[in-house]
Structures are given as structure tokens and as C-alpha cells.
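Please treat every number below as a calculation from the coordinates, not as lab data. Please read these numbers as outputs of a predicted model, since none were measured by experiment. Using ideal geometry, Cβ is built from the backbone for each residue, glycine included, and neighbour counts are taken over all protein chains shown.
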Amino acid sequence: MSGKLLIIGFGPGSVDHMTKRAREAIEESDIVIGYKTYIDLVSDLIGDKPIISTGMTEEVSRAQEAVKWAERGKKVAVISSGDAGVYGMAGLVYEVLIEKGWTKESGVEVEVIPGVSAINSCGALLGAPIMHDACTISLSDHLTPWTLIEKRIEAAAMADFVIALYNPKSGRRTRQIVEAQRILLRYRSPETPVGLVKSAYRARQQIVITDLEHMLEYEIGMLTTVIIGNSSTFVHDGMMITPRGYQRKYTLDALEQPLKPHERLRKEAEPWALDQVKAERVRRTAEAALQKIAVRQNEQQETFPDILELAVSPGVANKVLAPEQMIAIANIAGSDGKMMYTPDHYLKLEIPTANPDDVIAKLKEAGLIVAPIGDVLTVKACDFCDGEKTDAIPYAKQLHEQLNGLALPKELKLGFNGCGMACYGAVREDIGIVYRKGAFDLFLGGKTIGRNAHPGQLVAEGIPPHEIVPTVIRIIQEYKEHGHPNERFHKFFQRVKQVSGFVYQEANSKSKIEVPACGE
Ligand code: SAH
């Protein structure tokens, strides 16, 4: 008995992109088994060998048939498109064999021949979108529960993987790709590049480069692979490119690299590496996990108290924490709680508790302002030079009362400074308001952090006091209603070009800002 199973991935479709071993294997086989369309693609190599071809959904019977003929002593070629181990026939054939008690020793010989999978062939046609950590997700819920597919999309989106979506859509499965886009938009910008490749390296090949927002406006079908870029993927001259690394350690336009080879692996050159920024977080996560395991082993406690996260500050303009307040905060946080000072004019508390309302009430009793943390609006007012510039304080308080803690598509900081010095940096916040000569200047779309940090655009000067609160509220309402999930305010302003009548200007045509004298 010299039967053998040759499980062959023939690549995207053209003979040129098939491996030499795949071609040989088809030639040396006695029988070829595969889905009709695939048989047609490699018919030249098959010649007049017997063929067993079945429909798309009959994969199990194809695998059973293949095993049967191999056991009868035939060399059987089982063909899959792309790679036979990627949503192909390889696993299925092994499953059928194992069910029948197959072992390497006693059973028929099996050879799995690798092929170029769609993620690679479609990636090559798009440019170089894969490059970095990537994953494949099949949107077919025929064999996998949709709830699990949904979780995988969310996890991959969250972790910034480049994602290749296989089986994105068929005649009957049309909602899956719509749902996938919706989940992705919760974590990625609408401008994220997306590549659609249909029938790569086959007769009816089609390539489209679009973005996450517009991808559904193009044809997507059974023969399409959808490639979603990560947060640094960009489009250049009709190609989709993902840079090799996130933070450039290399300079591409200089012959001499800023970092010499021996410097590149130094700690300072890699502030993002595991043993640096993440060290503390990793330690805490590991400790928490160990603690959970310990508790589970002792079976002392079944549930864990939730961690209440909140922002605490002494006042809108007041930046002074009284000693008694510090003591109260420390007591309320307790030895398991955590207190952090942040650049956002508040202390961040993380308190394990089963009674969040109780904690909040105690903090308020101590005369503190309590606000939620996350994708909410935070008012960051200056200290008005300890109350000297009191004219503007009521407006800051009013904005705080009406807007602080409001849930938005993404966190938003509203900077409010009481004089033209703007020494608390209001103009760099998402929205900046500066009180000057009895009226308000308004800045929109600043970005405080990142390599492309920039001030907001000065959109209006001299807004009369009674108009400032309604003006800001209108802007916030527009952003709340029309901002995409996770879209920062400055991106939103850039995309919609106009918010509440204030027009976005490209960076190079920025208006000039006069620097006022101290205290003006
Ligand atoms: N084993 C195959 C995948 C089979 S699942 C592989 O490794 O590529 C079928 C899905 O693969 C299709 O819905 C499509 O998303 C993708 N696919 C396979 N061949 C393709 C091709 N030539 N062009 C574009 N997508 C392809």
C-alpha cells in the first residue's frame, strides 16, 4: 500500500505564483480532488487524470473521499486555493484521518504543501500593507459563531493589528462586513486605509484602495480579501504602505542614520519597549492576575470589587488642596486605592469599592469636585492668578457646570484661561478660550501631545461674554452628534471643515497670533 495524501495550496490562481513543489505534486498524483473553480484554475497541470470535483460547501465529503482513495493505495492531490492550511482543506483532512484512528506510523502518508495565501498575494498587489503585526479573520459564520468573530474583530482592532478579512461577503451573508466596519470604527479613524482585492492574480483581478469610512461603497464579494491598515498605514501613489516600525528609529532621506548601529538598541532609543514604559503596568497586571489565582485557590472570595475611577479637584479655578482635603482623599482611597496627579488639573483616583455612590458622596462632603474619566469633556481652567481676574470666573464655572463630564466620541479638554498670557496653555487644548479685554478669544482643534502637537486655530476674537457659553455648547453639540466614535476633536474639525460656522484652515495658512504683554 503506497497511498498518499498530497494537500496542496496552489496560491492565488496563476501558475506563476504556484510553488514548484505544488506543481510537481499535482503531476505525480493519480487523482485530483477539489472545488470545481479551483480544478479549472489548474486544469492544464491535471491533464487527463481522474478528477473528483464537488461544490463549495461539500468540503467534508471531499476530505472523506480523498482519505478513501488514499487508503486504496492512490496518490491523491487535494487542492486548496492560497494555502491549504488557511481556511483550506489541510485541517479537515487530518480531522477525518484522526477520526478513523490514523497515526503517522500506521496510516497513509500525508504531505501538506504550502502556498501563497490571500493575505500575501493581495498584500503584494496593494503595495506593502502587511509589514507589521497582522492577522486574518474570516467573516464566515457558517462554522464559527458570530459572537466569537465579533470578539476577534474587536480584539484585533483594539490591538492595532493590520487585518485581512477573508470570506467578507457572499450572496447570503451581507451583514457581516457592515458589522465588521462598525466595530472597527470604534477603534480606528475613518481615514484608515483599506484595500479591496478581488481575484488576485486571476483573470478578473480588481484592486481598490479606499478607507474605513467609504469601504462599503465598493464591490465586495466571495472572491475579495479586505485589508484594513493599522494606525500608521498610509497611502502613497495608489499604494497602501505600513511602515516597518511605529516610531521612526531611522531617517529615510539621509545617507547617514541619526543613530549609529550600536546605538539603535540602547534603551533611550526605544522608550516604547516592554522593559521601559510598560514595566509598571505589566507588573501590576501580573500581580492582579496572581492575586486572582491565589484567591481562587483559597476559594475565599468569589467576586472582586469594581475599581471606581474618577477625577477629583478642589475647584474650577481653585488649584489649592487643603491639608484636610488631602487627608480625606487618602482616607477615602484607603490602602488599596491609588492616587495619581495628572497633567489635566485633577487627581485621578482608582478605588476598589462595591459602593461607588458612597465614595462620591464622601469626596463631595470634603468640598471636592468629582468628575468621570474617559471619553468625556474636562474643563481645565487656570487659577485666575488666585482670584484677581475674577470677571471671567463665572463663565468658567458655568461651562464647568453645564459641560464637565459630558460623554463625547473621544476625550476632550476645554482650556479656559483668564487673561491673554494664557499661561495654563488653553490654546493647545482641543478647545481653548482666552479672556482678554473683557471679551473672549476662541481657539479650536489644538493637540497637546504627540509629535504633531500644535496649538488650536484662532477662529474668533472678542466674543462678548454673554455669547461664549452658548457658542461653546453649540460646538460641543455638533461634535457629540457628528463626531465618529474615537475621533478626536481636531480630526473632526479637519474632516467637517466647519463647526458652528467656524471654518477650518489648513496649517500653512494659519492666522497670526499677537503675543500680549504680561497680564494683558
Ligand atoms: N486558503 C485560502 C483561503 C480560502 S477562504 C488562502 O489561503 O488564501 C476564501 C477567501 O480567501 C475568499 O473569500 C477571499 O477572501 C480569499 N481569497 C482566496 N483567494 C483569493 C484571491 N485570489 N484574491 C482575493 N482573495 C482571495
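Might you report the magnitude of the Cβ-based charge dipole of segment 306-405 about its Cα centre, with Lys and Arg at +1 and Asp and Glu at -1, to the nearest 20 debye? Spell out each step's value before the answer.
On the way: 8 positive and 15 negative charges, 35 e Å.
Using only the charged Cβ atoms, the result is roughly 160 debye.
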* Find out how many positive minus negative residues lie around Val60, taking Lys and Arg as positive, Asp and Glu as negative, among other residues whose Cβ is under 15 Å from that of Val60. => -2
* To do: Could you give the size of the charge dipole of segment 158-209 about its Cα centre, using +1 on the Cβ of each K and R and -1 on the Cβ of each D and E, expressed in debye and rounded to the nearest 20?
  => 380
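Count the net charge of all other residues whose Cβ sits under 14 Å from the Cβ of Leu184, scoring Lys and Arg as +1 and Asp and Glu as -1. Spell out each step's value before the answer.
Details: positive: Lys151, Arg152, Arg182, Arg186, Arg188; negative: Glu150, Glu154, Asp160, Glu179, Glu191, Asp211, Glu213, Glu487.
It works out to a net charge of -3.
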* To do: Describe numerically, in nm with one decimal, the distance between label points set 7 Å from Cα along Cα→Cβ at Ile51 and at Thr390.
  => 9.2
* Which of the pairs Lys20/Lys68; Lys319/Lys491; Lys348/Lys413; Lys319/Lys364; Lys169/Lys480; Lys319/Lys437 have their Cα atoms more than 20 Å apart in this structure? -> Lys20/Lys68; Lys319/Lys491; Lys169/Lys480; Lys319/Lys437
* Structure fact -> segment 324-382: relative contact order from alpha carbon pairs under 8 Å, six or more residues apart, as a whole percent, is 30
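Using the per-residue mean of other Cβ atoms lying within 10 Å as a proxy for protection, in what order, highest first, do the peptides 217-224, 101-108, 377-384 fall? It would help to have the intermediate numbers written out before the result.
On the way: 217-224: 15.5, 101-108: 11.5, 377-384: 24.4.
Descending mean neighbour count gives 377-384, 217-224, 101-108.
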* Asked: Measuring from label point to label point, each 7 Å out along Cα→Cβ, what is the Cys135 to Val320 span in nm?
  -> 5.3
* To do: With an 8 Å cut-off on Cα pairs and a minimum separation of 6 or more residues, tell me the relative contact order of segment 90-214 in percent.
  => 21
* Structure fact -> Taking 161-171, 330-340, 114-124 and ranking on average Cβ neighbours within 10 Å, highest first, one gets 114-124, 161-171, 330-340
* Asked: Which peptide among 420-430, 311-321 comes first, and what is the full order, when sorted by highest mean count of other Cβ atoms within 10 Å?
  -> 420-430, 311-321
* To do: Could you pull out every one of the aspartates and glutamates with an alpha carbon less than 19 Å from that of Lys410, ignoring same-chain neighbours closer than 8 positions?
  => Glu154, Asp160, Glu191, Glu213, Glu309, Asp344, Asp375, Glu429, Asp430, Glu478, Glu481, Glu487
* Neighbour net charge for His484 - beta-carbon separation under 14 angstrom, K R +1, D E -1 -> +1
